[in-house]
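Reading through the structure tokens given below for one structure.
The values are calculated or read from the model by the stated rules, or taken from the named source; none is laboratory data. None of these values were measured; they are calculated from a predicted model. Cβ: placed from backbone, ideal geometry, glycine included. Neighbour counts: every protein chain shown.
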Amino acid sequence: MKKVLLITLFSIVFSLKNYAQSLKFGVKAGVNFSTIRGENLDVDNRTGFHAGAIAELKLTDKFSIQPELLYTQLGTKGSGNELTTSYISLPVMAKYYLFQGLSIEAGPQASFLVDDKLEVAGRGIVDTNVEDFDFGLNVGLGYNFNNGIFFQTRYTLGITTIQENPDVKNGAFQLSLGYQF
């Protein structure tokens, strides 16, 4: 599954050379406020970060597609316990420009687990049983300034279960700052 997604992403990027004048690349980084959702959970947000590369292909004056490749820290904390997960995430955002610079965006995100750690009060670090793959849906807003700097805010709603017993899913609010060239 990982290979198929990566090959698809690279094929899309390399096949876009015909659109070179409407293709911009960039970098972005920011903060994540994440938690897990499930029944009977009493947990708080965990603060992490994300950073990576983007490409934006303008298809019309109002519409563009923005695939991204990000390193993302997620997790949660509560009752002396803290779950930390790190992913390589591949969001593909459809962006609609409401007016010059301001866009609404939505799209799917595939994430692949890189690292996980569960620290339990009084027991130290224990096994997590977190799944290797997470799929989510994103929705957000962005603003691109004329000088290449952009700001984005987004919520990621985890769709797949990342851990059984209890049945939990990721959720994260992101604030990003970036630069397109």
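Summary table
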read-out	value
Ile65 vs. criteria assigned to a strand (DSSP E or B), closer than 16 Å to Thr156 by Cα and aliphatic (A, V, I, L, M)	no
Verdict on Leu113 being more than 19 Å from Ile159 (Cα to Cα) and either modelled with pLDDT of 95 or more or outside any strand (DSSP E or B) (or both)	no
Exclusive hit being more than 19 Å from Gln66 (Cβ to Cβ) and either in contact with a Leu (Cβ under 6 Å, 6 or more places away or on another chain) or modelled with pLDDT of 95 or more (or both), set Phe133, Phe150	Phe133
Residue tally, condition surrounded by fewer than 23 Cβ atoms within 10 Å (Cβ to Cβ), under 17 Å from Gln163 (Cβ atoms) and modelled with pLDDT of 95 or more, over segment 82-93	1
Selected residue (criterion: farthest from Ala172 (Cα to Cα)) from residues of segment 66-81 that are in contact with a strand residue (DSSP E or B) (Cβ under 7 Å, 6 or more places away or on another chain) and either in contact (Cβ under 8 Å) with a residue 60 or more places away in the chain or surrounded by fewer than 18 Cβ atoms within 10 Å (Cβ to Cβ) (or both)	Asn81
Boolean, Glu105 is at negative phi, charged (D, E, K, R) and modelled with pLDDT of 95 or more	yes
Residue that is surrounded by the fewest Cβ atoms within 10 Å (Cβ to Cβ), among those in segment 116-134 that are of a type in the set (A, V, I, L, M, F, W, C) and more than 15 Å from Glu164 (Cα to Cα)	Ala121
Condition check for Asn146: in a strand (DSSP E or B) and touching a Gly at 6+ places or on another chain (Cβ under 8 Å)	no
So Ile54, is it without any contact (Cβ under 8 Å) to a residue 60 or more places away in the chain and not basic (Lys, Arg)	no
